[in-house]
Structure formats: C-alpha cells, structure tokens
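Each remark here refers to the structure printed beneath this line.
The values are calculated or read from the model by the stated rules, or taken from the named source; none is laboratory data. Remember, predicted model here, so these are calculated numbers, not experimental data. Neighbour counts are summed over all protein chains in view; Cβ atoms, including those assigned to glycine, are modelled from backbone coordinates with ideal geometry.
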Amino acid sequence: MDSYKRLLVVIDEHDFSFRGISRAAYMANKSRAHILVMLLEHSHFVTRLVETFHHSQASDPSKVGNLAQTISAKRHCLADFIQTVAQTGVAISPASTSCHCIDDVLQCCRDFQVDAVLISASTRQLWHWLAIKSLDVRLLKESPRPVVIVKDHAWQPGGRIVSLVEPCAEGGQKSINEAVLQTTEHFTQLLKGDCHLLDCYYGDSPSISFQQPVMPETDEQYHLCQLSLYSSRYHLLPNQSDRHVSASHFHVIKALPEDAIAKLAKQVDSELVIVGDCGQSNLLSNMCGNIAEQVIDRIDCDLLVVKPHSSAVYH
C-alpha cells in the first residue's frame, strides 16, 4: 500500500482544530506517510471581522479577547502538538513557508507534490456571517489534489465507507469513477473497512409508448451488475458470494446524489464518504455547488473528494 505518502494538513487560525492532524497521523501510522502542517493566518482585516462576529454572538462581549493577539499562542500550541505527535514515531513537520491565503496552500501542493490535503470542517455560521467562502469549501473546488474534510466522527477498524459511483459515466467522468473506485479500495484496506457502493440513477422516464426500449442508464439490474463487477475487480467485499452481503452493500437509488448520500451515511453510520469531482465549473455548480459542497453539512463523518488523475496509487 504505497499511496498517500505525502499529506498536507491545513489549519485555519479562525477554525483552530487539530482534528486534521489526528486523522493524518492515523493514516500515517498505517501507510508510513509524511505529514506537513500549514497554519493559515488571515489578514488583520478578516481578523477584525471575526472579532466582530464573536462579539455579536457572545452573551458577555467583555469576555471575548482580542483574536489578533492569540495567533502567537496558537503557533506555540500547534508546535507543541506537532512535537507530541512526532514523539509517537510519525513523520511530521511544520511547513517552512508562511500561509496567508488559499493560493499559498495550492502552491504548497504543487511544490511538495502532496498526495492529499486534510482540513477540519469549518464553522459554517462564522463564514456565512462574513459572506466569505470557508477554506474547506474553497479547497474542495480549487485543490488539484484529493481533499479530506475531517469531522468529529472517529475512524474505527471495520468502519463503514460509502462511495458514490457512476457506472454510466462517460469521458472525463469515467476516469473520475475509476479514481473513486481505486481510492475506495485503498481506504477499505487502510481502515479494514466495510464498503458500501452507492449508485444514483433516474429510472424509467414516462412514455406513451408501450414498447419503450430499456437503456442501461434506466435499468436497475444493469446498475446492480456493475456494482458487483466493481466489488470483484477492486476487492471491496470479502464475502461477495453471499447474496445477503451483496444486497446490503450495493445501493441503487432513484434520488439526487446529495440526498442519497446523506440518507445512507446516516443509515449505516459511516466513517467516510468518498465522492469524485471532475474539477469543471459551470453556472449551475457555481450557483448551487457541486455534490461535495451540497453534502458536506449533511453528513457527520469525514468527506473525501477525489480529483481527476488522483487515484489511490500514485507511485
């Protein structure tokens, strides 16, 4: 298992959390990866806006300190935590370059050729109030590498993984589908996970013809057969010959992907949801967001967004 060898953990000073480091350390213990930690420090203007937000939300504004004065304490706290993790045998180090915007993060991805970016889920209320897109959402759209949005749900051996696949994908979407499946195989092995494949389709469309041809896109049996083939090819289910196991782990649903993901992730209490992102923006995705953006606040577990040409095996 030689993938995800270089992990970049980004910590937003105003969403200060070590969840991303803890998750990366868990992965590094399994795959001997090296972790690079970057603290994003905002401008004085943004910091003042954040102060205003906290004052407006606090029951006692006098107890809210000057956030600009806490950045030094956060640097020391982060350095101490990195040192603590390093003492467990994990290869981890702080980034040597300063970080003040998402462009610095993207440049670091290119310079160090990282295999994945990890970041704790942002405080949505804060960034909505500021009318600024949070760092995790921006990374979902702009990062060239896979992005893991880390939440509080712990990873456990045998944990459940939900992966959204598209058997009828064509062109660039087909390569994304392959990358999702390869990444699912990797994390199923990494977590010794219990994999659930999810496929959303539209079903039969209304027609006045009594002899409407059956197309693969609308044939539920075709989708189930494809999920079974995926599972065999990528070794996702150890007991696939058991019909009961297959029936409970292949989910073909007539629904929007974001609705199906949210429902299934809650139903199976998943540790990780894996989706693909082709990286192409259009008017609809800019206005409403892609699947990852629409589902990020509807699940309680981690979200891994696979990018073009970012399958689980790089080396």
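Show me the helices (runs of 4 or more DSSP H) found entirely inside the stretch 223-309 where at least 2 residues are at pLDDT 80 or above. Explain how you work it out, then say what you get.
Working: elements: 243-249, 257-268, 283-288, 291-295.
Those helices (runs of 4 or more DSSP H) span 243-249, 257-268, 291-295.
For the stretch 37-44, check the following and say yes or no: at least one residue is outside the structural domain of Glu271 (by TED's automatic domain parsing), over 26 Å from the mean Cα position of the chain (by Cα), modelled with pLDDT under 95 and not β-branched (Val, Ile, Thr). Spell out how you get there, then give the answer.
Just the residues of the stretch 37-44 that are outside the structural domain of Glu271 (by TED's automatic domain parsing), to begin with: 37-44.
Add one more test, that the residue is over 26 Å from the mean Cα position of the chain (by Cα), and what stays is 43-44.
Then drop every residue that is not modelled with pLDDT under 95, which leaves 43-44.
After this cut, where a residue has to be not β-branched (Val, Ile, Thr) as well, the list is 43-44.
Yes, the stretch 37-44 has at least one match.
Those residues that are crowded, with 23+ Cβ neighbours inside 10 Å and either over 14 Å from the mean Cα position of the chain (by Cα) or within 21 Å of Gly193 (Cα to Cα) (or both), I need them from the stretch 141-164; list them, please.
Pro146, Val147, Val148, Ile149, Val150, Ile161, Val162, Ser163, Leu164
If you take the residues of the stretch 1-57 that are of a type in the set (S, T, N, Q) and either part of a loop (DSSP other than H, G, I, E, B) or in contact with a Lys or Arg (Cβ under 6 Å, 6 or more places away or on another chain) (or both), which of them is surrounded by the fewest Cβ atoms within 10 Å (Cβ to Cβ)?
By that ranking, first place goes to Ser43.
Could you tell me whether the stretch 185-198 includes any residue that is in contact (Cβ under 8 Å) with a residue 12 or more places away in the chain and within 17 Å of Ile291 (Cα to Cα)? Before the answer, list the steps.
Here is the first cut: in the stretch 185-198, the ones in contact (Cβ under 8 Å) with a residue 12 or more places away in the chain are 185-198.
Next, only the ones that are within 17 Å of Ile291 (Cα to Cα) stay: 197-198.
Among the residues of the stretch 185-198, at least one is in contact (Cβ under 8 Å) with a residue 12 or more places away in the chain and within 17 Å of Ile291 (Cα to Cα), which makes the answer yes.
What are the residues in the stretch 152-207 that are of a type in the set (S, T, N, Q) and part of a strand (DSSP E or B), if any?
Matches in the stretch 152-207: Ser163 only.
For (1) over 15 Å from the mean Cα position of the chain (by Cα); (2) crowded, with 16+ Cβ neighbours inside 10 Å; (3) at pLDDT 85 or above, each residue gets a yes or a no:
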residue: Gln125; (1), (2), (3): yes, no, no
residue: Val137; (1), (2), (3): no, yes, yes
residue: Gly172; (1), (2), (3): yes, no, no
residue: Asn177; (1), (2), (3): yes, yes, yes
residue: Thr184; (1), (2), (3): no, yes, yes
residue: Lys192; (1), (2), (3): yes, no, yes
